[in-house]
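A.B. asks: Sharing a structure below in structure tokens format, with a few things to ask.
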Amino acid sequence: MTTAFITHDDCGLHNMGPEHPESPIRLIAIRKVLEKTGLMQELERIQSVHVLPEQIQLAHAHLHQKRLEMKLPEHGVVYTDDDTALCPDSLHAASLAAGSAILAVNRVIAGKAQNAFCAVRPPGHHAEHNNPMGFCFYNNAAIAAMHALQQPDIQRVAIFDFDVHQGNGTVDIFKDKPEVMVCSTFQHPFYPERYSDIVRDHIINCPMDAHSDGLVFRKLVESKWLPAIQAHKPDMIIISAGFDAHHEDPMADIKLDEEDYRWVTQFLMDAAKTYSKNRIVSILEGGYNPVSLAFSVQAHIEVLSGH
């Protein structure tokens, strides 16, 4: 079996303007690096599918999608908050992003792929149960986790989020669902400044001071994530794979590099081998320097695919 690489050109149609950091260029840069290195040819490339309304409602309020559709402009952009804008094709792209996560779960559980990476946008981990925010409309990782729990042999899921921003939306959705553990490393104090102090046994927040480096990150993962995994014993692992904690990323002040992403991916691969029958679905979140994003994704996928 190979690693599935799930994406769609239409994810590039979501465009919040030429100056916005969450740009279509992000996916173009990833594809170029994977193709130039030859790694793309070793992956099973699969085209995204649309998410169904009832699948969105696994993680979001019943009217969440309808409210977004009512705000969708016929032209230009309409802001849902200070950072997040809808253009005419935004929900089309968001539907493909969430549908990719569903497709990835299905293929991995069915044994058709050893694991999967969803190269999609818009990202999802800031989207709360009833609130789009932080460039996010549908919480792709949360939808994937809830869909996984509907499958017969999946009783517990773990979501691991190494984006530089805390996945407040994922925490909001699962704060009272202990069958889904959420582990998150993030710069603090920093956006989104929500749920960073929540106390739950299955919510493992790992804040890092600005300018923390890879050593700090690795120690946190080993000291906080490892015992949490051992206690939770997830049947499936989902990764909210944000790469904006890279030292070259303009959005924050954490100092990770490609080797740190390679290391944490191997850490999660080892955990999946022990507890989750190797079942991993990884979904792109942040990463706003196209060059460092592309090379970080390359390192991540190299580990997922056994290179």
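Throughout, read-outs are computed from the coordinates displayed, never taken from laboratory work. Predicted, not measured: the structure shown is a model, and the values here were computed from it. Glycine also receives a Cβ, built like all others from the backbone with ideal geometry; neighbour counts cover every protein chain displayed.
A.B. asks: Rank these for me by crowding, Arg107, Arg279, going from fewest to most other beta carbons within 10 Å.
C.D. replies: Working: Arg107 20, Arg279 25.
Ranked by crowding around the Cβ, least crowded first: Arg107, Arg279.
A.B. asks: Next question. Using only the alpha-carbon atoms of region 8-105, report the extent along each of the three principal axes, biggest first, to the nearest angstrom.
C.D. replies: 43, 33, 20
A.B. asks: Select from region 58-130 those GluC sites (Glu not before Pro) which occupy a DSSP coil region and have at most 13 other Cβ atoms within 10 Å, ordered by residue number. Mind dumping the intermediate values first?
C.D. replies: On the way: sites: Glu69, Glu74, Glu128; in loops: Glu74.
Passing both the DSSP loop test and the Cβ count: Glu74.
A.B. asks: As a test of understanding, state the convex hull volume per residue of the chain from its alpha carbons, in Å³. Working shown, then result.
C.D. replies: On the way: hull volume 33.8 nm³, N = 307.
Considering the Cα atoms of the chain, their hull volume per residue is 110 Å³.
A.B. asks: Suppose each label sits 7 Å from its Cα in the direction of the beta carbon; what would the Ser196-His211 distance come out to in nanometres?
C.D. replies: Distance between label points: 1.7 nm.
A.B. asks: Quickly estimate the mean residue ellipticity at 222 nm for the chain, helices only: each DSSP H run with n ≥ 4 gives -39500 (n - 2.57), and the total goes over all residues, rounded to 500.
C.D. replies: -10500 deg cm²/dmol, from helical runs alone.
A.B. asks: Please report Ser95, Ser196, Ser23 as a ranked list, fewest other C-beta atoms within 10 angstrom at the top and most at the bottom. Intermediate results must be reported in sequence, preceding the final value.
C.D. replies: Working: Ser95 23, Ser196 16, Ser23 19.
Going from sparsest to densest Cβ surroundings: Ser196, Ser23, Ser95.
A.B. asks: For the residue pair Val49 and Gln155, what label-to-label distance in nm results when each label sits 7 Å from Cα along the Cα-to-beta-carbon direction?
C.D. replies: 2.9
A.B. asks: Give the calculated FRET efficiency between Lys219 and Gln57 to the nearest 0.05, with a Förster radius of 30 Å applied to their Cβ-Cβ distance.
C.D. replies: That gives a FRET efficiency of 0.15.
A.B. asks: Can you list the equivalent-ellipsoid semi-axes of region 67-150, largest first and in whole Å, using the square root of 5 times each Cα gyration tensor eigenvalue? Let's see the in-between values first.
C.D. replies: Details: eigenvalues 142, 31, 19 Å².
Gyration-tensor ellipsoid for region 67-150: 27, 12, 10 Å.
A.B. asks: In addition: Using every pair of alpha-carbon atoms in region 121-234, split the distances into 5 Å bins beginning at 0 and state the percent of pairs per bin, rounded to integers.
C.D. replies: 2, 13, 23, 24, 21, 13, 5, 1, 0
A.B. asks: Starting from one equal scatterer on each C-alpha and no solvent at all, send me the Debye-based log10 I(q)/I(0) for region 177-307 at q = 0.10, 0.15, 0.17, 0.18 Å⁻¹, two decimals.
C.D. replies: -0.30, -0.71, -0.93, -1.04
A.B. asks: Something else about it: Calculate, for His20 and His247, the FRET efficiency according to 1/(1 + (r/R0)^6) with r their C-beta to C-beta distance and R0 25 Å; round to the nearest 0.05. Don't jump to the answer; show the numbers that get you there.
C.D. replies: Details: r = 22 Å, r/R0 = 0.89.
Given R0 = 25 Å and the Cβ-Cβ separation, E is 0.70.
A.B. asks: Find how much the distance from Arg262 to His129 grows on full extension, using 0.36 nm per residue of separation minus their present alpha carbon separation; answer in nm with one decimal. Let's see the in-between values first.
C.D. replies: Working: separation 133, 0.36 × 133 = 47.88 nm, distance 3.13 nm.
My answer for the length gained is 44.8 nm.
A.B. asks: Mean shadow of region 250-295, computed from the convex hull of its alpha carbons, in nm²?
C.D. replies: On the way: hull surface 14.8 nm².
Averaging across all directions leaves 3.7 nm² for the Cα convex hull.
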